[in-house]
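The values are calculated or read from the model by the stated rules, or taken from the named source; none is laboratory data. Bear in mind that the values here come from a model prediction, so they are computed numbers and not experimental data. Here the Cβ positions follow ideal geometry from the backbone for every residue, glycine too, while neighbour counts run over all protein chains shown. Remember, those area values only see protein heavy atoms, side chains included, never the ligands or the DNA or RNA. Shrake-Rupley method; radii C 1.70, N 1.55, O 1.52, S 1.80 Å.
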Amino acid sequence: MKKEVYPGIFSIKEKGSFGIIKPPENIYILAGHDGLIYDAGYGDKKTVKYLVNEIKKIENKYKEKNEEFKLTRVLPSHAHPDHFSGLKLIREYLGVKIVLTKKTAEIIHNKKSFYKIFETNDIEDYLIARRNLWRKIKDAVVKKLSRIFYRRIYGLSFIDDPDEIIEDNTEILINGESWKILPSPGHAIDHIYLYNAEKGILFSGDNVLRTITTWLGPPSCNIKDYVNSVESLNKLPNLNIILPAHGSPIKNPKERIGEILKHRRERAQQVINLVNAHSKIGISPKEIVQKLYPNGKKFLIQVALGWVCLTLKILEENHLIKRDVGKKEIIFFPSDKSEN
Ligand SMILES: [Zn+2]
């Protein structure tokens with residue numbers, strides 16, 4: 001399904017499956033004589049063929065009106081599999097150039113450079129005291145299964161031969177108009193925004209979504225960077241509309257940005273309160289999540305553990321809490337500083 005979300009900008013919605021494991025995704029077409037495809041979506045043949053078909057429909061409309069339509073490039077917002085997997089087939093089917101920022105290019109170069117970032121066991125610094133043999137076997141199985149999942153279901157494919165590499169912070173011309181590439185790390189270290197100051201249009205990737213909160217979890221996310229990247233949008237003059245990678249356009253940008261920042265502050269406060277309320281016996285990240293989501297399903301609990309661990313990391317860095325390594329779990333206590 002395609003939709004003109006702004007004159008000359010089309011959103012094509014790629015279907016998802018398995019609920020939030022493979023969410024529906026927006027690919028944006030900046031139509032014109034030197035157009036660009038923003039985000040590459042999933043990489044399985046069926047999805048890319050669907051995308052190409054929808055693009056052809058837009059092209060036909062332009063031709064009927066005797067307007068020029070030529071897409072020259074595809075640019076992903078960040079190196080998450082649902083955003084870059086389609087690159088290779090999109091180039092093959094449409095003959096466009098693959099443009100990557102330096103950071104994204106480094107990550108998606110090959111299997112090794114990609115998994116180096118996503119398969120570290122950082123989360124365990126917050127969850128378990130010791131990795132016994134059973135835990136190691138379990139980790140190896142999970143790793144294997146998730147690699148199969150990304151390859152088969154997302155159509156994951158790497159790019160060792162991009163056509164153009166650009167700076168992480170730069171300006172590019174699209175259809176003769178100047179667009180800013182703005183680094184916006186946090187959800188992903190290489191995440192970028194694409195912004196047109198004159199029209200006030202921002203492509204926000206996964207950072208600002210209309211109704212849902214974005215994924216934040218170890219090892220590659222950072223909440224402090226994320227908050228800064230969202231806050232930085234308040235400084236953009238003339239921000240009119242935000243076009244996110246998932247969900248519909250955000251027509252009240254300032255309000256939504258405010259909501260997201262408030263939500264993050266409240267979440268951090270909830271975690272501090274829970275640690276303070278258990279100052280005698282301490283509390284583990286799992287117990288924190290169980291208190292926050294008493295009826296949460298297993299998958300939600302797993303997702304929530306991500307941001308809870310990242311929040312604990314910041315609180316620890318700010319010396320507001322301290323840890324104690326128990327027999328099995330890591331337990332958190334208020335620090336002496338916060339008790340005073
Ligand atoms: Zn993402």
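Listed peptides 307-313, 47-53 appear in the order 307-313, 47-53 once ranked by packing, highest mean of other Cβ atoms within 10 Å at the front. Among the GluC sites (Glu not before Pro) found in region 234-340, not one is both in a DSSP coil and sparsely packed, with 13 or fewer other Cβ atoms within 10 Å of its Cβ. In the chain, Rg over Rh equals 1.00, where Rg is the alpha-carbon radius of gyration and Rh the Kirkwood radius from pairwise Cα distances.
At 20 angstrom or more along the helix axis (alpha-carbon based) and mean Kyte-Doolittle of 1.0 or higher, what helices does the chain contain? Whole DSSP H runs only.
Helices meeting the criterion: 298-317.
Most simply put, the chain has about 70% antiparallel DSSP beta bridges, counting only bridges with both residues inside it.
The mean sequence distance of close C-alpha pairs (under 8 Å, at least 6 residues apart), as a share of the length of the chain, puts its relative contact order at 14 percent. Solvent exposure of region 179-253, expressed per residue, is 35 Å² of accessible area, with all protein chains present and a 1.4 angstrom probe. Comparing ILE21, ILE192, ILE12 in a Gaussian network model of the chain (Cα springs below 10 Å), the most mobile by mean-square fluctuation is ILE21.
Solvent-accessible surface of region 261-339, averaged per residue with a 1.4 angstrom probe and all protein chains in place: 58 square angstrom. For region 261-339, the relative contact order is 35 percent, taking Cα pairs closer than 8 Å that sit 6 or more residues apart in sequence and dividing their mean separation by the residue count. Our note on the geometry: Cα centres of region 138-208 and region 253-298, 28 Å apart.
Let me make sure I get this right: for region 1-127, a, b and c are the square roots of the gyration tensor eigenvalues over alpha carbons, sorted descending. Under 1.5 in a/c it's rounded, otherwise prolate if a/b > b/c, else oblate. Which is it?
Taking the square roots of the gyration eigenvalues as a ≥ b ≥ c, region 1-127 is prolate.
Of all DSSP-defined beta bridges confined to region 49-180, some 45% are antiparallel rather than parallel. Across the protein chains, with a 1.4 Å probe defining accessible surface, the residues ASP160, ASP39 rank ASP160, ASP39 from largest area downward. Note: relative contact order over region 1-103, using C-alpha pairs below 8 Å and six or more positions apart, is 25 percent.
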